[in-house]
Structures are given as structure tokens and as C-alpha cells.
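Peer 1: Before I ask anything, let me first share the structure, which is written out below as C-alpha cells.
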Amino acid sequence: MAKSSALSTQLSLEESAWELFETGAYEEVSKLAEKNPKNVFLNHLRAVCEFETETNTANNFPLEGKTVLTPLLGAYLHKAKGNAKEAAVLFHEYFKASSSLVSYSILTTGIKACEEVGAHKACADLIQRYKALWTDGYFSKLEFFSLYHLRKFEEALKVFKENSESLKEDRDVLAALGLCFVHIGKFEEACNILEKLPGAGEIPSFEDKVTEYSDRIKNIPKYEARKKELSRTELLDLGYAYLFSESYKKAEEVFTSLVSLESR
């Protein structure tokens, strides 16, 4: 009976510490850990608090032992050491487990860590965890691009539709949106979107595309011979020449490079 009571008290202490952590009361978590130096969970949670506040003192107290936070703590340790890829892997592994403790701060840190190294699958997975708890659309752009890079074009289009108010003026998103339509074979929709790119105001209508771009299509080899010297307008012409000659992968590469140039 005494053992059962002690266990109950310990769990209550850990739960209280987690509630404090969720509300951002990191100093209170640290005080609890200081009062209970042998509690491994509290030591681990205190370390996470230190990493979240970027005070870099997490190694100044015991970190041994294993808890549910061990993979998360490993992710933070790698992140602090500049091992971005290793950190992203561990954040992904931690949040994939249905039993993992989740808070706004650590989940957003994990998502951003995965974004930093271009871990598209990890980003998409972690954003799903985020959306299950918060519906603010904070990561809608990242979710859109993660799905796009994973070639889940229908899902990317759905994300755009759900968040069109915040995404419809974004140049990079519009370029990728047009290419999503290219990949699923909706070329008229693609043309309408891609015409919104900077410098595309005089592009002919979709119905006239083959006729209007026949000369440019014939001159694709000439464009390719001097590809590094092409102006923005010429790059746009080449992109449409590829698009209307059904060289969709090459069209995607050109439009992506155009977006990159416009962002500089």
C-alpha cells in the first residue's frame, strides 16, 4: 500500500511539472527538479526547458537515465551541437509515437528543425500532429511545400484550397501550385496560375498556346545552349515552351529557377 501511494505521488509530481511546462512556467519546472534531484523525468524536462529558452546550461545537471523524454532530449542535444540532420530524425521519431508527450513549444521546435534540413516527410508528419491540436494554419505554407516535394500534388492542392486567403499572394506558392496542376494533367488551370508569375502578363491564352509558342518550341535547343545567360523573360518563354511541348519535368525546373531569381 505504501509503495502504491509513493508511486501515485511521483506520477502526480511529474504530471504537475508537465502542466507547468505546457504553460511556459519553465522556472517553476526547474525549481521542482532542484527539489527532487533524483527524479529522472524532472531532470530531463528541466533540460528541455533550458534548451527551449536557449540558455545552454542543460549539461550542468544530471541527464542520465531513461524516460519518455529521452528521444526528445537527444534531439535537443544534437540541435545544440549543430547536428541538424540527426536532430530532425530524433524529433520525427519522438513525435511519431502516439504515447509521446506533446506541447506547442516542442512540436513547433521539431517542425522547424525538420524544415531546416528539408526533411519533407518528417515535416508533413509533424504538421499532422500539430493540426490535430491547433487549427491556426501557422504551418500551412510549409505543409503545402512538403506535400509538393513529396509529389502528393492532390493533397498539396487541398492544403492550398483550405488556406487560400493566406497563400494566394505568395509568389513561390503560386509557382508550385501551377506545377501541381501540370503534374495531375490540368494544363489550363496550370496556365492560368503560372500566368500570374512576375513578367507573365503578356503570355497568350491557353487555347492559343500551341500556335503562339510553336517558334519557341522549335528554338528550345538554342535556349538550352545559352541557358545560363537567359534573361527572366527568356526563362519564362523556355518554361512555357517546355510546358506546351509536354516536357513537364523540364518546365518544372525552369519555373522553379525563375521563382528563385525573383526572390533575390
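The values are calculated or read from the model by the stated rules, or taken from the named source; none is laboratory data. These numbers were taken from a predicted model, which means no experiment stands behind them. Using ideal geometry, Cβ is built from the backbone for each residue, glycine included, and neighbour counts are taken over all protein chains shown. When the accessible area is computed, the model is the full protein with side chains, heavy atoms only, and any ligands, DNA or RNA have been set aside. Shrake-Rupley method; radii C 1.70, N 1.55, O 1.52, S 1.80 Å.
Peer 1: Among (1) out of contact with any helix residue (DSSP H, G or I) (no Cβ under 8 Å at 6 or more places or on another chain); (2) within 13 Å of residue 124 (Cα to Cα), there is one condition residue 139 misses while meeting the rest; what is its number?
Peer 2: For residue 139, the exception is condition (1).
Peer 1: Just to verify a result, which residue in the range 105-130, among those that are buried (at least 16 other Cβ atoms within 10 Å of the Cβ) and of a type in the set (D, E, K, R), is farthest from residue 95 (Cα to Cα)?
Peer 2: So, considering only residues that are buried (at least 16 other Cβ atoms within 10 Å of the Cβ) and of a type in the set (D, E, K, R), the one farthest from residue 95 (Cα to Cα) is 115.
Peer 1: Next up: For residue 94, only one of the following conditions fails: (1) under 28 Å from residue 15 (Cβ atoms); (2) exposed (fewer than 15 other Cβ atoms within 10 Å of the Cβ). What is its number?
Peer 2: Of everything listed in (1) under 28 Å from residue 15 (Cβ atoms); (2) exposed (fewer than 15 other Cβ atoms within 10 Å of the Cβ), residue 94 misses just condition (2).
Peer 1: Residue 110 passes all but one of (1) within 19 Å of residue 132 (Cβ to Cβ); (2) in contact with a Phe, Trp or Tyr (Cβ under 7 Å, 6 or more places away or on another chain); (3) touching a residue at least 40 places away in the same chain (Cβ under 8 Å); which number fails?
Peer 2: (3)
Peer 1: Of everything in the range 205-264 that's polar (S, T, N, Q) and farther than 23 Å from residue 183 by Cα, which residue is modelled with the highest pLDDT? Walk me through how you get there before you give the answer.
Peer 2: At the first step, the residues of the range 205-264 found to be polar (S, T, N, Q) are 205, 211, 214, 219, 231, 233, 245, 247, 256-257, 260, 263.
From what's left, farther than 23 Å from residue 183 by Cα: 219, 231, 233, 263.
Numbers: 219: 89, 231: 86, 233: 83, 263: 45.
Once the filter is applied, the top-ranked residue is 219.
Peer 1: Test residue 172 against the stated conditions and say whether it is at pLDDT below 90 and under 24 Å from residue 128 (Cα atoms). Don't jump to the end; show me each part of the working.
Peer 2: Numbers: at pLDDT below 90: yes; under 24 Å from residue 128 (Cα atoms): yes.
Yes; evaluated as a whole, the condition is true for this residue.
Peer 1: Looking at the structure I just gave you, is residue 74 part of a loop (DSSP other than H, G, I, E, B) and open to solvent by less than 80 Å² (accessible area, probe 1.4 Å)?
Peer 2: no
Peer 1: Which residues, counting only those in the range 41-71, are part of a loop (DSSP other than H, G, I, E, B) and either surrounded by 21 or more Cβ atoms within 10 Å (Cβ to Cβ) or at pLDDT 95 or above (or both)? Steps first, please.
Peer 2: Of all residues in the range 41-71, those part of a loop (DSSP other than H, G, I, E, B) come to 53-57, 61-69.
The answer is 69, and nothing else.
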